[in-house]
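I have placed the structure first, in the form of C-alpha cells, so that the comments after it can refer back to it.
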Amino acid sequence: MFHHLTFDLESGTDPYGVSGDTSGDGKATSAAVGRILDLLAAHNTKATFFVVGTLAAKHPQLVRGIAEADHEIACHGWKHELLYHSSANHPLPVTHYLLQDLDRARKLLQDLSCQPVSGFRAPSWSIGPQNLFLLDMLKELGFTYDSSLFPAWTWLYGSNAFSRKTRKLQNGLLEFPPSVMKLGPLRLPFSGGIYMRVLPWGVIRAGISQFRRMGEPLLFYFHTWEFGQPDQSLQCCFPYGFVRNAGLRRTPGRVNRLLSSLHFETLASGIVKSSHCS
Ligand SMILES: [Zn+2]
C-alpha cells in the first residue's frame, strides 16, 4: 500500500502568523526545500507540498523547483491566516475575502507549477466544527480534495468528531486527514508536528501498525522550517514557541526513517484509488 508524505511550505520565522511575516526568509527556506528534495530523491519518492501564496509570490523559483522534480503542489492559503474567525453566523464578509485570496493563491501556484492545483490545507488545521461551511467554498473554487480536518482534539485545533479515515465528504470533496492513533477512548496524534518530534519512535511505530491493520493509507505532515538550521528556532510566547521548537532537530532523521520503511505517493495520485470512499 502507498502512503502520503506532505510538507507545508511556509515562513519559518512565523508559522502561526503572530508577526504577520508570511513570506519567509528566502535563503533559509530555499536551503530547507533543497534538503527535503534531496531526501526524497534519494528514496525515489514523490510528495505533496502545500504552499502559502505570499511565499510563492516572493520566491517563485521554490515552487518551480519542486514542480520540476515532479512533486505535487497544493494550496496552503494566501497568507497562512488562521480561519477560525470564520463563523457560520457571519460567513459573508469572511467568505468574500477568503474566496478572493484562495482563488489568487491557487491560480498563482498553477501558473508557477504548470500543474493543476487540486488540494487545500488550512493553516494550522484551522477548519473545525464551527466553520465547516468553508469546505463548500473550496469545492466551489474547484478544489477536489481537502486536508484540513485534524481528527483529534488538541488545545490549538482539531476535533474527535472528525473521521480518522480518508473519505468522500457530502459535497464530493475528498478529505485526507493526518493519521491519528486510537488508544481506547483516546486519540493520539503521531504523524507530524510536535508529536512526531517528541514521541518515542516505538509510539509512532505503533500508530503505523494500527493503520496497516486497518488497511488505511497513512498521511504524515511536516514543515519546511523543520529542515532549517538548528539555530533557526522561533522565540515566541507559550504555547507557540514550545510547539514550534520542541524536538526540532529530530525531523530530518525521522522522515528518513519513514522513507526507508514505507512507500509514498502524492495525494493527487491517491485520489484515483480513494474514489470509492464514502
Ligand atoms: Zn502551515
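The values are calculated or read from the model by the stated rules, or taken from the named source; none is laboratory data. Just so we're clear, the structure is a prediction, and the values are computed from it rather than from any experiment. Note that we place each Cβ from the backbone using ideal geometry, even for glycine, and neighbour counts take in every protein chain shown.
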Scope the stretch 107-116; condition away from the ligand (no atom under 16 Å from the Cβ) and within 27 Å of GLY193 (Cβ to Cβ); matching residues:
LEU108, LEU112, SER113, GLN115
Output for Cβ contacts, cut-off 7 Å, separation at least six or different chains, first residue closer than 15 Å to ARG250 by Cβ in the stretch 198-226, second among the β-branched types (Val, Ile, Thr) and assigned to a helix (DSSP H, G or I), reads PHE222/THR251; PHE222/VAL255; GLU226/THR251
Which members of the stretch 65-84 meet the condition of being within 16 Å of ALA41 (Cβ to Cβ), touching a helix residue (DSSP H, G or I) at 6+ places or on another chain (Cβ under 6 Å) and outside any strand (DSSP E or B)?
ALA67, ALA69
Residue count, the stretch 66-105, condition touching a His at 6+ places or on another chain (Cβ under 9 Å) and at pLDDT below 85, comes to 1
Close pairs (9 angstrom Cβ cut-off, 6 or more residues apart or separate chains): closer than 19 Å to THR6 by Cβ in the stretch 183-195, among the basic types (Lys, Arg) anywhere:
ILE194/ARG244
Failed condition for PRO60, given (1) under 16 Å from the mean Cα position of the chain (by Cα); (2) at negative phi, with all others met?
(1)
Could you list, in sequence order, all residues of the stretch 118-137 that are within 20 Å of GLU10 (Cα to Cα) and more than 16 Å from the ligand (Cβ to nearest atom)?
SER118
